[in-house]
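Quick note: the coordinates plus some simple rules give every number you see, no bench work behind them. Everything numeric here is computed off the predicted structure, so don't read it as measured data. No Cβ is skipped: glycine too gets one built from the backbone with ideal geometry, and neighbour counts run over all protein chains shown.
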Amino acid sequence: MTDRAIAVPTRSQPVARAHAARHGRRRVRALLKHVLLVACVLVMLYPVLWMVVSSLRPNSEIFRDAGLALTHPRLENYSNGWTAFAQPFSHYLVNSLLVVIGAILGNLLACSMAAYAFARLEFKAKRLWFGIMLVTIMLPIHVIIVPQYALFSQLGWVNTFLPLIVPKFLATDAFFIFLMVQFIRGIPREIDEAARIDGAGHARIFFNIIVPLMVPALATTAIFTFIWTWNDFYTQLIYLTDPSMYTTPLALRAFVDQQSATDWGSVFAMSVVSLVPVFLVFLFGQRFLLRGIATTGGK
């Protein structure tokens with residue numbers, strides 16, 4: 001009995017060593033993966049970090065030094081950029097905010113209603129219209145910008161915010177319609193049928209049942225709409241020509257146009273200011289964004 005009891009741990013020692021070796025290799029692989037991920041993050045964040053550092057440098061040092069070391073911080077870049085135009089930079093931030101709010105409200109209302117129609121209603125040529133809607137996702141904006149500009153010019157909407165907001169209330173963003181259709185299809189139809197038995201119509205079912213259940217998809221739509229509209233340059237450049245109507249991207253471009261010797265410190269300073277709203281929206285809305293994408297993809 002004594003010999004057999006002593007032999008057991010002797011035979012288990014190689015197994016324990018193999019297990020420890022495998023555990024050590026897993027830890028090394030995990031460490032290497034984390035190091036690689038951190039390195040990739042630093043590479044991707046370097047342009048943003050360089051812009052932030054450059055916003056605090058004198059113009060003579062901005063393009064002379066590609067590093068991130070800051071020797072002589074120059075806060076005047078922010079005050080100079082804020083007051084560089086006839087209007088303070090806050091005026092252009094407010095213009096962008098007005099356009100963004102209108103676009104978000106339009107997409108949330110129109111796209112959700114169109115998605116409910118495709119997901120729950122039965123009408124003639126439903127599959128055909130759904131296919132046409134999906135095809136519009138592949139159309140580049142350069143194909144439709146000319147007829148759109150001609151239409152809005154005839155309506156007298158050029159140099160106003162209307163061309164940037166009104167189309168959103170017509171469910172023109174097919175990507176968000178498709179996103180919400182996929183989400184609504186994952187909601188059991190038994191809920192609709194129970195409400196219909198209680199006498200609820202489509203309007204009541206949509207606003208009282210479907211909308212509260214699709215909050216993740218609505219939040220995803222709002223976040224993407226905010227980011228895409230806030231950063232939109234091409235469309236706003238086409239329709240806005242009066243400097244008092246400029247949004248943030250156009251105001252940043254005007255820094256380069258207004259003088260032969262560009263004040264790059266002010267440009268980078270106001271670029272940092274314009275990035276703050278996008279960063280805050282993504283920071284506080286990322287949990288809704290992840291839920292919306294995950295649940296939509298899993299339905």
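What is the extension gain from Ser244 to Ala261, computed as 0.36 nm multiplied by their sequence separation minus the C-alpha to C-alpha distance, in nm to one decimal?
3.8 nm
Placing unit charges on the Cβ atoms of the charged side chains and taking the dipole of the chain about its Cα centre, the candidate lying farthest along the positive direction among Gly186, Ser55, Ala84 is Gly186. The trypsin sites (Lys or Arg not before Pro) of region 33-106 that meet both conditions, a loop assignment by DSSP and at most 13 other Cβ atoms within 10 Å of the site Cβ, are Arg64. Between Leu97 and Trp82, the modelled label-to-label distance comes to 1.5 nm, taking each label 7 Å out from Cα in the direction of the beta carbon. Placing pseudo-labels 7 Å out from each Cα toward the beta carbon at Lys124 and Ser90 gives an inter-label distance of 5.7 nm.
Which of rounded, prolate, oblate describes the chain, given a ≥ b ≥ c as roots of the alpha-carbon gyration tensor eigenvalues and a/c under 1.5 marking rounded, otherwise prolate only if a/b is larger than b/c?
It comes out oblate by the Cα gyration axes.
Compared with the direct C-alpha span, the chain from Glu61 to Arg27 gains 7.9 nm at full extension, assuming 0.36 nm per residue. Whole-Hz Karplus values for region 277-284 come out as x, 5, 4, 5, 4, 5, 5, 8 Hz, taken residue by residue from phi with 6.51 cos²θ - 1.76 cosθ + 1.60 and θ = phi - 60°; glycine and proline positions read x. Projecting the Cα atoms of Ser266, Leu32, Pro212 onto the charge dipole of the chain (Cβ charges, centred on the Cα centre) puts Leu32 farthest toward the positive pole. Charging the Cβ of each Asp and Glu at -1 and of each Lys and Arg at +1, and nothing else, the dipole of the chain about its Cα centre rounds to 1840 debye. Its DSSP H runs of at least 4 residues, each contributing -39,500 (n - 2.57), put the calculated 222 nm mean residue ellipticity of the chain at -23000 deg cm²/dmol, to the nearest 500. In plain terms, the chain from Leu70 to Met138 could stretch by 20.0 nm, reckoned as 0.36 nm per residue minus the Cα-Cα distance.
Only Cα sites of region 57-116 enter the Debye sum here, all with the same form factor; the resulting log10 I(q)/I(0) across q = 0.27, 0.28 1/Å is -1.03, -1.05, listed in q order. Plainly put, region 2-76 has a radius of gyration that is 1.56 times its Kirkwood radius, both from alpha-carbon atoms, as the Rg/Rh ratio.
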